[in-house]
Amino acid sequence: MTFIKFIGKTIGVTGYVLQYACLTHCTFEYVGDFVMCSGPSMEPTLESNNILFTEHITPRLQRLKRGDIIIAKSPVNPKQNICKRIIGLPGDKVRGHFPKRSQIVPRGHVWLEGDNSSNSADSRSYGPVPQGLIRSRVVCRVWPLNKMCSLTEY
């Protein structure tokens with residue numbers, strides 16, 4: 001009889017663990033998650049090893065706006081994520097880097113630039129980025145604690 005109770009308890013605990021795992025996965029996949037920033041392209045706003053909280057809802061609803069900091073798949077290396085600021089939305093006229101002339105951001109794309117313009121590979125190098133590559137919008141910096149702040153204002 002005790003063996004049957006043990007099996008019953010084990011199945012019950014396993015059920016709770018699976019429910020928690022599914023809830024955690026769905027939260028991180030569809031609501032928001034934590035990202036560690038690396039590289040100098042967003043300095044001085046963000047520094048390497050800053051931990052950011054990001055949300056996935058705004059990009060899915062296509063409610064991004066100029067000035068938002070986003071996390072996206074790199075258009076030149078899909079295994080890498082990039083952290084950049086939205087400078088131009090579809091239809092905006094932006095100034096390119098190569099060649100140095102203005103261009104219009106096409107429909108379904110955004111123009112991304114790092115805050116550290118002298119040390120950032122961004123849309124000035126690779127052009128407009130498809131909105132489908134955007135994974136999330138940065139909400140706030142959570143680490144280091146002494147620099148915790150909201151990053152939703154431009």
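Things to note:
- Measuring between their Cα centroids, segment 134-151 and segment 64-81 lie 15 Å from each other.
- Surface exposure of the chain, expressed per residue as accessible area with a 1.4 Å probe, stands at 64 Å².
- If you plug the beta carbon distance of residue 104 and residue 146 into 1/(1 + (r/R0)^6) with R0 = 41 Å, you get a FRET efficiency near 0.45.
- The simple Förster model, with R0 at 30 Å and r as the Cβ-Cβ distance, assigns residue 38 and residue 65 a FRET efficiency of 0.75.
- Extension gain from residue 3 to residue 118, taking 0.36 nm per residue of separation minus the Cα-Cα distance: 34.7 nm
- Low-density loop cleavage sites - GluC sites (Glu not before Pro) in segment 50-154, where at most 13 other Cβ are within 10 Å (DSSP): 153
- Computed from Cα atoms, the angle from the helix 2-26 axis to the main principal axis of the chain rounds to 10 degrees.
- Of the residues 102, 18, 139, the one whose Cα sits farthest toward the positive end of the charge dipole of segment 16-154, with +1 on the Cβ of Lys and Arg and -1 on the Cβ of Asp and Glu, is 102.
- Pairwise Cα inverse-distance average, inverted: Kirkwood Rh of segment 41-107 (Å): 13.8 Å
- Surface share of carbon and sulfur [accessible, 1.4 angstrom probe, percent] for segment 38-154: 51 percent
- Over segment 89-138: Rg over Rh, Cα atoms, Kirkwood Rh: 0.96
- The rule of thumb for compact globular proteins, 2.2 N^0.38 Å, goes into the C-alpha radius of gyration of the chain 1.36 times.
- Partner lysines for residue 84 [C-alpha distance under 27 Å; skip if fewer than 8 residues away on the same chain]: 65, 73, 93, 100, 147
The values are calculated or read from the model by the stated rules, or taken from the named source; none is laboratory data. Since the structure is predicted, the reported quantities are computational estimates derived from the model, not experimental observations. Heads up, the Cβs are rebuilt from the backbone with ideal geometry, glycines too, and the neighbour counts pull from every protein chain shown. Remember, those area values only see protein heavy atoms, side chains included, never the ligands or the DNA or RNA. Shrake-Rupley method; radii C 1.70, N 1.55, O 1.52, S 1.80 Å.
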